[in-house]
Amino acid sequence: MPLDGHRAGAPRYRERTVKPRTRLDHEERIVNAIRYIIDHLDEGIDLRDLADHVCLSRFHFHRVFQALLGETVGDLVRRLRLERAANRLRTTNTPITELAFEAGYATHEAFIRAFRSAFGYTPSSMRRTLTYEGLLPTPNGVHFDAKLDVRFVRSEPGAPLDVEIRELPARMAVCMAHKGPYFMIGKTFGDLRRWRRENGVNAGLDIGLYYDDPSATPPDELRSDAGAFIADDFLATDPRVHIIDVVGGTYAVFTHVGPYDGISNAWMEMYSRWLPTSGYTFGVGVPFEIYVDDCDDVPWPEVRTDLCIPVKRPAP
């Protein structure tokens, strides 16, 4: 069950407990706090000083920060430092030990453990073999070395998810296997598209199928498929690809709108909040994502991705 996606901002809900003007004021202050964190990433970030810097109550600051961003200050700082380390692995020859100290780790070993837990690869493996932009999933869109484009989390306890129950047809997909963190499957999709161009293969929408639970499976052992829908009579003998029968039937579908880096949060919402209270249970098949829009043609804030879980209807 994928709780990690690769492909938008977190689902948006209306808050009942915060007046619009108050929330807007809080959002402006939190953006200022993010700018301060990015500008002082090599320094120790003191919550009290950060609260004072943006003129928010010390008592309330960390609660407002986490509620609006879906991350604590500490979580955000650790993620940005790891993203910076991944970026420098690709773009510089800085020794890994030095990167460890820059990221705030007292030992080389602690850095390697944290890096592998986040990315699914050791720093040396990423430097040797991968071409990856070094961004980690987040519900808020804040990344190292990127234009500051904050997406605020707008969920509140009990707010309903707009999940639709659909009857989806059985279909075929031509796929390439991906092993490793789900959010890094983009490279495999790129390989599949090149293969399709080289072989003149016409296909429909892209689909990502996810076979393991990332909360129970080490990141480097996660199995998934990057695929595209094709005609039922399609045949392929190239060992680089394989054909998958996508099971038809009843699915719970949530349409996620926005950049791909927030999809993991949307999966979490479906599994932790919608499913337990819906009356539905898991059906036959595996969860998958259908990429309704091409991010090369549609602006990021409007990109749609259907998150699909096979389900059984409640007993009458």
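Which length gain, in nm to one decimal place, applies between residue 213 and residue 75 when the Cα-Cα distance is subtracted from 0.36 nm times their residue separation? The partial results should precede the final answer.
On the way: separation 138, 0.36 × 138 = 49.68 nm, distance 2.20 nm.
Once the chain is fully extended between residue 213 and residue 75, it gains 47.5 nm.
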Where in segment 163-201 does the amide nitrogen come within less than 17 Å of the point 7 Å from the Cα of residue 245, taken along Cα to Cβ?
168-175
³J(HN,Hα) across segment 297-304 via Karplus (A = 6.51, B = -1.76, C = 1.60, θ = phi - 60°), whole Hz, x for Gly/Pro?
10, 10, x, 3, x, 10, 5, 9
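Among the trypsin sites (Lys or Arg not before Pro) in segment 211-316, which ones are in a DSSP loop with at most 14 other Cβ atoms within 10 Å of the Cβ? Mind listing them?
Values: sites: 223, 240, 273, 304, 312; in loops: 240.
Within segment 211-316, the qualifying trypsin sites (Lys or Arg not before Pro) (loop, at most 14 other Cβ atoms within 10 Å) are 240.
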Extending each Cα 7 Å along its Cβ direction at residue 40 and residue 297, get the distance between those two points in nm, one decimal.
4.7 nm
Rounded to the nearest 0.05, what FRET efficiency do residue 58 and residue 167 give with R0 = 41 Å and r taken as the Cβ-Cβ distance? Could you check?
0.20
Mind jotting down the distance between the C-alpha centroids of segment 254-316 and segment 90-106, whole Å?
36 Å
What order do 178, 60, 242 take when sorted by accessible area (1.4 Å probe), most exposed first?
60, 242, 178
MRE, 222 nm, helices only [DSSP H, n ≥ 4, -39500 (n - 2.57), over the chain, to nearest 500]
-10500 deg cm²/dmol
Listed values (i) 1.00; (ii) 1.21; (iii) 1.06, entry calculated as Cα Rg over 2.2 N^0.38 Å:
(iii)
SASA check, residue 132, accessible area w/ 1.4 Å probe, all protein chains in place, rounded to nearest 10 Å², comes out at 20 Å²
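Give me the accessible area per residue for the chain, probe 1.4 Å, as a whole number in Å². Numbers along the way, then the final one.
Numbers: 15920 Å² over 316 residues.
It amounts to 50 Å² per residue over the chain.
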Heavy atoms of residue 205 accessible to a 1.4 Å probe, total area in Å² rounded to 10:
80 Å²
Expected unfolding gain across residue 221-residue 235 under the 0.36 nm per residue rule, minus the alpha-carbon gap, is 2.2 nm
Using a probe of 1.4 angstrom, how much of the accessible area of segment 130-289 is carbon and sulfur, in percent?
53 percent
Give the calculated FRET efficiency between residue 198 and residue 28 to the nearest 0.05, with a Förster radius of 41 Å applied to their Cβ-Cβ distance.
0.25
Once phi is turned into ³J(HN,Hα) by the Karplus curve 6.51 cos²θ - 1.76 cosθ + 1.60 with θ = phi - 60°, what whole-Hz value does each residue of segment 212-225 show in order, with x for glycine and proline?
10, 8, x, 7, 10, 10, x, x, 6, 10, 5, 10, 8, 10
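The values are calculated or read from the model by the stated rules, or taken from the named source; none is laboratory data. Since we're looking at a predicted model, the values are computed, not measured. Note: ideal-geometry Cβ built from the backbone for every residue, glycine included; neighbour counts use all protein chains shown. Protein only, heavy atoms only, side chains kept; ligands, DNA and RNA dropped before computing areas. Shrake-Rupley method; radii C 1.70, N 1.55, O 1.52, S 1.80 Å.
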